[in-house]
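Asks: Take a look at the following structure, please.
The values are calculated or read from the model by the stated rules, or taken from the named source; none is laboratory data. Everything numeric in this text was worked out from a predicted model, so none of it was measured. Here the Cβ positions follow ideal geometry from the backbone for every residue, glycine too, while neighbour counts run over all protein chains shown.
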Amino acid sequence: MVKKPTREEALRLLHQYIENESLRKHAYAVEGVMRYIARLRGEDEEKWGIIGLIHDIDYERFPDKHCKKTEEILKENGWPLEYIRAAVSHGWGICSDVKPESDLEKFLYAIDELTGLVVTTALVRPTKSVFDVEVKSVKNKWKDKRFAAGVDRSIIEKGAKMLNIELEELINYTIKGMQEVAESIGLSGSTKKEDSLRLTTFKPEGENFQRLHLCDYLSNLNKLSDNASTISRDQNKVDED
């Protein structure tokens with residue numbers, strides 16, 4: 001019987017392959033949301049959380065082989081096939097042909113991109129806190145393609161449809177889950193930009209890499225934060241709705 005990985009083992013493996021701070025924060029955010037949803041649904045919180053934690057484990061070193069290298073890395077470390085399949089399925093239609101089938105896989109597929117939209121919504125608020133983000137705040141930004149341009153809304157919508165849940169419900173889950181890990185993802189609230197964002201610049205390499213991955217977008221949020229006030233002025237207000 002294949003031994004299930006512990007959270008400590010998963011975190012150690014994540015840090016072995018991911019050094020970029022913003023990519024680590026994205027991993028913690030996805031883990032937090034997956035754990036929150038698992039508890040609500042009476043599922044295995046450790047399993048859901050651990051898979052969320054390592055879903056992008058190959059991205060920093062192998063961006064042009066994203067998901068493919070994840071499978072190799074986890075197999076080399078003796079991970080259960082169920083965990084490997086779930087992690088790889090989040091890239092369905094982009095860098096993987098493994099379609100999400102279980103609820104775990106569908107939620108991972110849906111909330112991966114959504115965490116980026118919630119992060120951006122938090123950062124344009126004066127407090128830069130995820131505790132000040134509401135469902136309507138995210139929805140109000142949904143159709144503005146300039147806002148969080150690195151987030152693929154169609155993937156989130158497709159995920160919600162696969163799960164047969166309303167988009168608002170999925171957004172609420174994501175906000176609540178991220179609030180539980182707010183400190184570890186730098187969104188517990190600060191009036192100082194440098195306190196809430198300590199991100200490094202990461203540019204993927206590889207001739208086969210074409211699509212701007214969510215992780216690249218998150219890695220460049222310093223620029224986004226610098227321009228946040230400009231975005232708000234263009235829209236005549238910072239979204240307080």
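Asks: Can you report the number of residues in region 69-95 which are small (Gly, Ala, Ser) and either closer than 19 Å to Lys3 by Cα or surrounded by fewer than 19 Cβ atoms within 10 Å (Cβ to Cβ) (or both)?
Replies: The number of residues fulfilling the criteria is 4.
Asks: Let me ask something else. If you go through region 1-22, how many residues are closer than 23 Å to Gly116 by Cα and crowded, with 23+ Cβ neighbours inside 10 Å?
Replies: Of the residues in that region, 2 qualify.
Asks: Looking for something touching a strand residue (DSSP E or B) at 6+ places or on another chain (Cβ under 9 Å) and aromatic (Phe, Trp, Tyr) - is there at least one such residue anywhere in region 166-182?
Replies: no
Asks: Take Ala160 and decide whether it is under 23 Å from Ala182 (Cα atoms), surrounded by 15 or more Cβ atoms within 10 Å (Cβ to Cβ) and among the small types (Gly, Ala, Ser).
Replies: Taking the combined requirement at face value, the residue does not satisfy it.
Asks: Any idea how many residues of region 142-167 are within 18 Å of Val33 (Cβ to Cβ) and more than 17 Å from the chain's Cα centre (by Cα)?
Replies: Residues that pass the stated criteria total 4.
Asks: On to the next question. With the requirement that a residue be β-branched (Val, Ile, Thr) and part of a helix (DSSP H, G or I), what does region 85-106 give you?
Replies: Val88
Table: residues versus (1) buried (at least 22 other Cβ atoms within 10 Å of the Cβ); (2) at pLDDT 95 or above; (3) out of contact with any Cys (no Cβ under 7 Å at 6 or more places or on another chain).
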{"site": "Trp142", "(1), (2), (3)": "no, no, yes"}
{"site": "Lys145", "(1), (2), (3)": "no, no, yes"}
{"site": "Ile175", "(1), (2), (3)": "yes, yes, yes"}
{"site": "Gln179", "(1), (2), (3)": "no, yes, yes"}
{"site": "Leu187", "(1), (2), (3)": "yes, yes, yes"}
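Asks: Which residues, taken from region 50-68, are in a helix (DSSP H, G or I), surrounded by fewer than 23 Cβ atoms within 10 Å (Cβ to Cβ) and in contact with a helix residue (DSSP H, G or I) (Cβ under 9 Å, 6 or more places away or on another chain)?
Replies: Pro63, Lys65, Lys68 - these are the residues of region 50-68 that are in a helix (DSSP H, G or I), surrounded by fewer than 23 Cβ atoms within 10 Å (Cβ to Cβ) and in contact with a helix residue (DSSP H, G or I) (Cβ under 9 Å, 6 or more places away or on another chain).
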